[in-house]
Amino acid sequence: MTPDQLAELKNDATLRARLAKRMARDCFRNTILEDFHAGKVSSSQTGDYSDVKVVTPYGEIHWNALSRISDTEMKALMIDIVDHCYDFLMELCSPNGREVIENLKLRDELRVDAGAHKAQSISAQRFNYRRLIGLLPFFTDAGSESR
């Protein structure tokens with residue numbers, strides 16, 4: 001990503017939304033989250049799951065009180081997501097990052113509407129551009145050569 005592309009990202013809500021969707025796909029999909037998502041899905045006649053319970057050797061647990069991910073699974077998930085986020089940032093900061101941004105400007109790679117409303121409601125003034133200025137050396141060829 002170039003400094004000009006970073007400035008463009010600051011002012012373009014559509015581009016930010018597209019990058020956020022790509023980040024969600026690249027950093028959360030195809031992680032162990034998919035393993036947790038696999039299997040049978042419960043259903044509820046009431047719609048609020050108050051009629052669903054899990055039967056264990058130690059008693060019944062109402063669905064709404066049930067933890068869906070154990071501490072061990074959460075730790076493994078966070079490690080996997082951090083690894084994917086790191087890879088995503090490395091790609092964005094590499095020479096290929098320019099192409100990523102250019103492609104996102106041309107088209108929406110993902111047809112997911114989630115989050116699009118937020119992109120419109122967050123004004124460019126609230127985007128913390130100053131914080132990103134410190135990252136500029138990572139987005140330029142000169143910055144990556146010195147590392």
- Query: So what's the net charge close to K105: Lys and Arg +1, Asp and Glu -1, counting the other residues with Cβ under 13 Å from its Cβ?
  - Reply: -2
- May I ask you to list the lysines whose Cα is less than 16 Å away from that of K105, ignoring any residue fewer than eight positions away on the same chain? K10, K21
- Task: Go through 68-78, 35-45, 90-100 and give me the packing order, highest mean Cβ count within 10 Å leading.
- Result: 90-100, 68-78, 35-45
- Message: Whole percent per 10 Å bin, from 0 to the bin with the longest distance: what is P(r) over all C-alpha pairs of region 18-104?
- Response: 14, 31, 25, 18, 10, 2
- Item | Given charges at Cβ of Lys, Arg, Asp, Glu: region 16-116 dipole, positive-most of L66, Y49, L89 | L89
- Note on the structure: Highest mean packing first, using Cβ neighbours within 10 angstrom, the peptides 49-58, 17-26 sort as 17-26, 49-58
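Values quoted throughout were computed directly from the atomic coordinates according to the rules given, and no laboratory measurement underlies them. What you see is a predicted model, and the numbers here were worked out from it, not measured in a lab. A quick note on method: Cβ atoms are made from the backbone with ideal geometry, for glycine too, and the neighbour counts reach across all protein chains shown.
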